[in-house]
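Everything below concerns the one structure shown next.
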Amino acid sequence: MSRLHHKGGEPTQRMLRVAELIRHAVAQLLSRGEINDPALAGLVVTVPSVKMSPDLKLATVYVMPLGGKGLDTIVATLDRHKKFLRSEIATRINLKYAPEVRFKIDDSFANAAKIDALFQSEKVAADLAPEPLTGDEDWQDEDRGQDENSDKEAAPEGKAS
């Protein structure tokens, strides 16, 4: 497929597959403590997502420390160990080129928290509350029952046209 087809569009299946492999590799490196840095010693870092460039030469790794501690230091720490991480990713994943790795803080958790706060607000709760019955709904049920019965009476059974 041409690059124009994927310009600004959704990622290809290959981009998604390579991104997931890189996500697993980085998460494994972080969970096993293979990066020796005192800034990472007390932190549990999650890797929610990775986005690949269309040519698979750039991987943007979104990270989030558990509990939100150390947001300012986590990206700087991982950037210091970028060469080590790139070489480890290259050994674990069989690609023609080892992608350059960039790290960013994942803000999807903050966005989800904002949406939850909106759902808990009084304005939204008032809109989502069911409206009380006014009594006008009863006549609709009666009409439906009469319409069904009148249809049965109007069409004689057993006659074929």
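The values are calculated or read from the model by the stated rules, or taken from the named source; none is laboratory data. Worth saying up front: this structure is predicted, and the values here are computed from it rather than measured. Backbone-built Cβ (ideal geometry, glycine too); neighbour counts: all protein chains shown.
What to note about this one:
- When restricted to residues that are out of contact with any strand residue (DSSP E or B) (no Cβ under 9 Å at 6 or more places or on another chain) and part of a helix (DSSP H, G or I), the stretch 84-98 contains 6.
- Applying the condition of being in contact with a Leu (Cβ under 8 Å, 6 or more places away or on another chain) and of a type in the set (A, V, I, L, M, F, W, C) to the stretch 90-118 and asking which residue is modelled with the lowest pLDDT yields Leu95.
- Matching residues in the stretch 47-79 - criterion: being touching a residue at least 40 places away in the same chain (Cβ under 8 Å), of a type in the set (A, V, I, L, M, F, W, C) and out of contact with any helix residue (DSSP H, G or I) (no Cβ under 9 Å at 6 or more places or on another chain): Leu58
- Checked against the criterion of being touching a strand residue (DSSP E or B) at 6+ places or on another chain (Cβ under 9 Å) and assigned to a helix (DSSP H, G or I), the candidates Val101, Val75, Val61 yield just one match: Val75.
- Residue in the stretch 61-81 that is within 30 Å of Ala125 (Cβ to Cβ) and surrounded by 15 or more Cβ atoms within 10 Å (Cβ to Cβ) present: yes
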